[in-house]
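K.L.:
Sharing a structure, written as structure tokens. Questions coming.
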Amino acid sequence: MAREHQMIVPFEDRQVREGVISYGLSSYGYDIRVANEFKIFTNVNSTIVDPKNFDEQSFVDFKGDVCIVPPNSFALARTIEYFKIPRNVLTLCVGKSTYARCGVIVNVTPFEPEWEGFATLEISNTTPLPAKIYANEGIAQVVFFESDEMCEVSYADKKGKYQAQRDITLPRI
């Protein structure tokens, strides 16, 4: 399906593991990579986190091969891969065990049928120590669920607010 529908671009048809946190095709899913652009949360402005009125100044932009996420904080990033989810597919995304075993949790919402774009990733450091995130390496696994029928209303049909996102996307109302 990835090749037929250009569901994942770029698509790695095998798991790449040599010297990196693995990425690419796995048994029942796909291990996605994190790009080298990050928005690191900062509380220098003592702003309240409000999903209805999110203050962009709560982040410091960073670009590089290694991102340091402060203790008990988080960063936003995006995938290297661009996704086009078919109308009869839904995905769930879970963080890779390599990071989870270090206290780093990755959260990504499901990719709904007919959603497309680069996924925005939330990378939480739950530890009291700084955490390293390696750009261009695996960060999470997407698991695909194919239905035997098409969904009634897709993400594209309802004109979802995160459709075709290209950059790290902050909360929208």
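The values are calculated or read from the model by the stated rules, or taken from the named source; none is laboratory data. The structure displayed is predicted, hence computed values, not measured ones. As a convention, Cβ positions derive from the backbone with ideal geometry for all residues, glycine included, and neighbour counts pool all protein chains shown. Each accessible area value is taken on the protein alone, full model and side chains, heavy atoms only, with ligands, DNA and RNA left out. Shrake-Rupley method; radii C 1.70, N 1.55, O 1.52, S 1.80 Å.
K.L.:
How many residues, within the stretch 94-122, are assigned to a strand (DSSP E or B), farther than 20 Å from residue 158 by Cα, touching a residue at least 40 places away in the same chain (Cβ under 8 Å) and open to solvent by 20 Å² or more (accessible area, probe 1.4 Å)?
P.N.:
Qualifying residue count for the region: 3.
K.L.:
For the stretch 129-147: of the residues being more than 15 Å from residue 91 (Cα to Cα) and assigned to a loop (DSSP other than H, G, I, E, B), which is least open to solvent (accessible area, probe 1.4 Å)?
P.N.:
Filtering the stretch 129-147 for residues that are more than 15 Å from residue 91 (Cα to Cα) and assigned to a loop (DSSP other than H, G, I, E, B), the one least open to solvent (accessible area, probe 1.4 Å) comes out as 135.
K.L.:
Only one of these is open to solvent by less than 80 Å² (accessible area, probe 1.4 Å), within 27 Å of residue 63 (Cβ to Cβ) and part of a strand (DSSP E or B): 11, 38. Name it.
P.N.:
38
K.L.:
Of the numbered conditions (1) surrounded by 15 or more Cβ atoms within 10 Å (Cβ to Cβ); (2) out of contact with any Leu (no Cβ under 9 Å at 6 or more places or on another chain); (3) assigned to a strand (DSSP E or B); (4) not hydroxyl-bearing (Ser, Thr, Tyr), residue 86 satisfies every one except a single condition; which is it?
P.N.:
(3)
K.L.:
Does residue 78 fit the bill of being in a loop (DSSP other than H, G, I, E, B) and open to solvent by 20 Å² or more (accessible area, probe 1.4 Å)?
P.N.:
Against the criterion (in a loop (DSSP other than H, G, I, E, B) and open to solvent by 20 Å² or more (accessible area, probe 1.4 Å)), residue 78 does not qualify.
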